[in-house]
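Single-structure report; data block below.
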Amino acid sequence: MKSKLLIALLALSSSAAFAAPETYVTDANHTFANFTYSHFGYSNQTSRFDKVSGTITLDTSAKSGNVDITIDTKSINTGSALFNQHIQGDDFLATEKFPTATFKGNKVSFKGDKLASVEGELTLKGVTKPVTLQVTNFFCMQHPMSGKQACGANATVKVKRTDFNMGKYAPHVGDEVTIAVAVEAAKQ
């Protein structure tokens, strides 16, 4: 009897050590990207994109994974219909030509069991640059309503508008932009 119990425990521990990567799909109702910049020094303005989608694959045992996020740039929400049109224009997002922005993260870093950063490439207005998202919050558990395994995170990165061909009014309208992403995703 003891040998069967020992074999069962060894089987459980060895399968946990070789856990496969798990893929999570973002929840459209709880995943958003916003950005903040200085407006002539008067104030820091914050706007958001209402439509963000993607997948996140994590292997917490191997401390590896990747992130694939798409932002619908036409879903910009500044709080003003007139300003939404202005930001979608050619001087800034050029949403007719570039209706999406993407982040493709190919290297994740952990501190213990917590996701700490994701390195990858941000493509905005047709320009791709390497960036590192700093993860400020990461939590996984069984979702109390759906019953599915789910993870959530908050991450930030600072970029320069001029690096993405959106430098109109710089430096008066701040060149440095902080992008913050709140994501919740359910296991497939």
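Some notes on this structure:
- Cα centre as origin, Lys/Arg/Asp/Glu Cβ charges: segment 66-146 dipole, Debye: 200
- Taking 0.36 nm per residue of sequence separation and removing the Cα-Cα distance, the residue 63/residue 111 pair yields an extension gain of 16.3 nm.
- Calculated over the chain: convex hull of Cα atoms, volume per residue (Å³): 129
- Charge dipole magnitude, Cβ of K and R +1, D and E -1 - segment 20-187, Cα centre, debye nearest 20: 160
- Protection proxy ranking, peptides 171-182, 80-91, average beta carbon neighbours within 10 Å, highest first: 171-182, 80-91
- Taking amide H as placed 1.01 Å from N in the peptide plane, residue 116 has its amide H under 5 Å from the amide H of 109, 110, 111, each at least 5 places away in sequence or on another chain.
Every read-out reported here was derived from the displayed coordinates using simple, explicitly stated rules and does not represent laboratory data. Only a predicted model underlies this, so the values are computations on that prediction, with no experimental measurement involved. Please note: Cβ atoms are built from the backbone with ideal geometry, for glycine as well, and neighbour counts cover all protein chains shown.
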